[in-house]
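Worksheet: the structure to be examined is printed underneath.
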Amino acid sequence: MSPSSRATVPTELAMLRDELGALDAEIVGLLRRRADIARRVGRAKRAASLATLDPRREAQVVASAAKLARQAGLAEEAVRDIFWPIMAMCRRIQQEDVP
């Protein structure tokens, strides 16, 4: 590695880390939006006298995310591993938002 390329690596690395930080903030914002909608779904389920836990629906959502991952060139199993805890978080939100 030449001296000039060594000097640019930290700047490039810092910029890339800034981009990742911005993406992390977007991901958290999306999770917040999903949580807000999940809360509304929980209220709709209660109004319809439906159970909070819907294993079939949760499996469909995770399978859909895995399919999207495959189409995006990402590891399906890794995306499933991310989505199951998201589903659990949203289910907890639905259960805890009892009037």
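Details
- In degrees, nearest ten, helix 55-71 long axis to first principal axis of the chain (Cα): 20 degrees
- Helix content alone sets the calculated 222 nm mean residue ellipticity of the chain: runs of n ≥ 4 DSSP H residues at -39500 (n - 2.57) each, divided across all residues, give -30000 deg cm²/dmol.
- Cβ-placed point charges (K, R +1; D, E -1), dipole of the chain about Cα centre in debye, nearest 20: 580 debye
- Farthest toward the positive end of the dipole of the chain, out of Ala63, Gly42, Leu74, is the Cα of Gly42, where the dipole comes from beta carbon charges about the Cα centre.
- Its Kirkwood hydrodynamic radius, worked out from the mean inverse distance over all distinct Cα pairs, puts the range 39-91 at 11.9 Å.
- Here is the P(r) of the chain: all C-alpha pair distances, binned every 5 Å from 0, give 3, 11, 14, 16, 15, 11, 9, 6, 5, 3, 3, 2, 1, 0 in whole percents.
- 3J(HN,Hα) couplings calculated from phi for the range 75-84 with the Karplus curve 6.51 cos²θ - 1.76 cosθ + 1.60 (θ = phi - 60°) are, in sequence order, 6, 4, 4, 5, 5, 4, 4, 7, 6, 4 Hz; Gly and Pro show x.
- For the chain, the longest principal axis of the C-alpha atoms and the axis of helix 3-47 are separated by about 10°.
- Mean Cα-pair separation over length for the chain, i.e. relative contact order, pairs under 8 Å, 6 or more apart, %: 32 percent
- In the elastic network of the chain, a GNM with C-alpha springs shorter than 10 Å, the most mobile of Leu31, Leu13, Leu23 is Leu13.
Values quoted throughout were computed directly from the atomic coordinates according to the rules given, and no laboratory measurement underlies them. Please read these numbers as outputs of a predicted model, since none were measured by experiment. Cβ: placed from backbone, ideal geometry, glycine included. Neighbour counts: every protein chain shown.
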